[in-house]
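Asker: Can you read through this structure? Questions will come right after.
The values are calculated or read from the model by the stated rules, or taken from the named source; none is laboratory data. Please read these numbers as outputs of a predicted model, since none were measured by experiment. A quick note on method: Cβ atoms are made from the backbone with ideal geometry, for glycine too, and the neighbour counts reach across all protein chains shown. Ligands, DNA and RNA are stripped out before the accessible areas are found, and what is left, the full protein with its side chains, is counted by its heavy atoms. Shrake-Rupley method; radii C 1.70, N 1.55, O 1.52, S 1.80 Å.
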Amino acid sequence: MGLVLVAANAQSVAPAPADNDVYAAAKSWLDQSLSQQRGDLPLRMEVEVGQLDRRLTLAPCQHVQPYLPPNVRLWGRARLGLRCVQGAVKWNVFLPITIKAWGPAWVIKSQVTQGATLEVTDAMAKEVDWAESYSPIVANQEDWVGKTATRMLSAGQPLRQEMVKDAQVFQSGAQVRVVAVGVGFEIVGRAQALTAGVVGQSAKVRMDNGQVVSGTVSDPRTVRLLL
């Protein structure tokens, strides 16, 4: 049965055996590393530690050095390297671990179709495991309300950044208002959108004189240019 280690400031479930140098070294390193990784985030970190291959017979070691293998993160399913750096026989093994990061999130209440605009009533606040996926959690309500679902969302799914995108407010070919702003003056004109418009992002438009310019979409019908 695997051990369950919990990072600093979290409730212990099953501490590692004190007489096991390998697991003790792993626990000490993980506690310190996860405390630093969490930083100021409102997360409750847990680590489920598996077992080394039972067929292994490790020689006595005075100093076991934990390390992260290349391209491995302390997030979700991972593995921790353990090597003997002070002993008669040098060895190197890998310990399976699962990192859980419990924190506040927004969870979908009922199915949302792809392309639908998310409303306040579409999700509820709940604690979830942020580390269940590499895609970052959308923790703030203002970061998803009014945005568009990039795919079908099911009840119980925590909202993650890959699931939402800024809503498109006009299509290519639409007639838009252009506000050109300079030092001490402002000029308003009309133009045809050459690209789709998303509030806060850049869009290309063709002015009445044929000139093509780029500006920032400020509302569903307005593109602002800084001169």
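Asker: Which percent of the accessible area of the stretch 88-219 is formed by carbon and sulfur heavy atoms (probe 1.4 angstrom)?
Answerer: In the stretch 88-219, the share of accessible area belonging to carbon and sulfur is 50 percent.
Asker: While we're here: Where Lys and Arg each count +1 and Asp and Glu each count -1, what net charge lies around Ala105 among other residues with Cβ under 15 Å from its Cβ?
Answerer: Counting the neighbours of Ala105, the net charge comes to -2.
Asker: Okay, moving on. Can you work out the Karplus-derived ³J(HN,Hα) for every residue in the stretch 141-155? Use 6.51 cos²θ - 1.76 cosθ + 1.60 with θ = phi - 60°, whole Hz, and x for glycine or proline.
Answerer: Once θ is set to phi - 60°, the couplings for the stretch 141-155 become 4, 5, 8, 10, 5, x, 8, 9, 6, 7, 7, 5, 10, 9, 4 Hz.
Asker: Within straight cross-link reach of Lys147, meaning Cα distance under 27 Å, which lysines are found once same-chain residues fewer than 8 apart are removed?
Answerer: The qualifying lysines are Lys109, Lys126, Lys165, Lys204.
Asker: Around Arg160, which amide H atoms from residues at least 5 apart in sequence, or from another chain, sit under 5 Å from its own amide H, with H modelled in the peptide plane?
Answerer: Residues meeting the amide H criterion: Val138.
Asker: Can you list the HN-Hα couplings for the stretch 180-197, worked out from phi with the Karplus curve (6.51, -1.76, 1.60; θ = phi - 60°), rounded to whole Hz and with x for Gly and Pro?
Answerer: Going residue by residue, I get 9, 10, x, 6, x, 8, 8, 10, 10, x, 10, 7, 10, 5, 9, 9, 5, x Hz, with x marking Gly and Pro.
Asker: Would you please give the FRET efficiency between Trp75 and Lys126, computed as 1/(1 + (r/R0)^6) with r the Cβ-Cβ distance and R0 = 30 Å, to the nearest 0.05? Kindly include the intermediate steps, with their values, before the conclusion.
Answerer: Numbers: r = 20 Å, r/R0 = 0.66.
Result of the calculation: an efficiency of 0.90.
Asker: Follow-up. Only Cα pairs within less than 10 Å get springs; with that Gaussian network setup on the chain, which residue of Thr57, Thr121, Thr98 has the largest fluctuation?
Answerer: Highest fluctuation of the listed residues: Thr57.
Asker: Turning to a different aspect of this structure: Which lysines have a Cα lying under 28 Å from the Cα of Lys27, excluding residues fewer than 8 positions away in the same chain?
Answerer: Qualifying lysines at Cα under 28 Å: Lys90, Lys100.
Asker: Considering only protein heavy atoms, what per residue accessible area in square angstrom results for the chain with a 1.4 angstrom probe?
Answerer: 58
Asker: To the nearest 10 degrees, how steep is helix 21-38 against the longest Cα principal axis of the chain, on a 0 to 90 scale?
Answerer: 20
Asker: Amide H to amide H under 5 Å from Thr195: which residues, 5+ apart in sequence or cross-chain, H placed 1.01 Å off N in plane?
Answerer: Sorted by chain and number, the residues that satisfy this are Gly173, Lys204.
Asker: Still on this model: At what distance in angstrom do the alpha carbon centres of the stretch 114-149 and the stretch 200-219 lie from each other?
Answerer: 30
Asker: Just to check I understand the Karplus step: with θ = phi - 60° and J = 6.51 cos²θ - 1.76 cosθ + 1.60, what whole-Hz values come out for the stretch 209-219, glycine and proline as x?
Answerer: 8, x, 5, 9, 10, 10, x, 9, 6, 9, 7
Asker: Between Val181 and Arg224, what length in nm is gained on full extension when 0.36 nm per residue of separation is reduced by their alpha carbon distance?
Answerer: 14.8 nm
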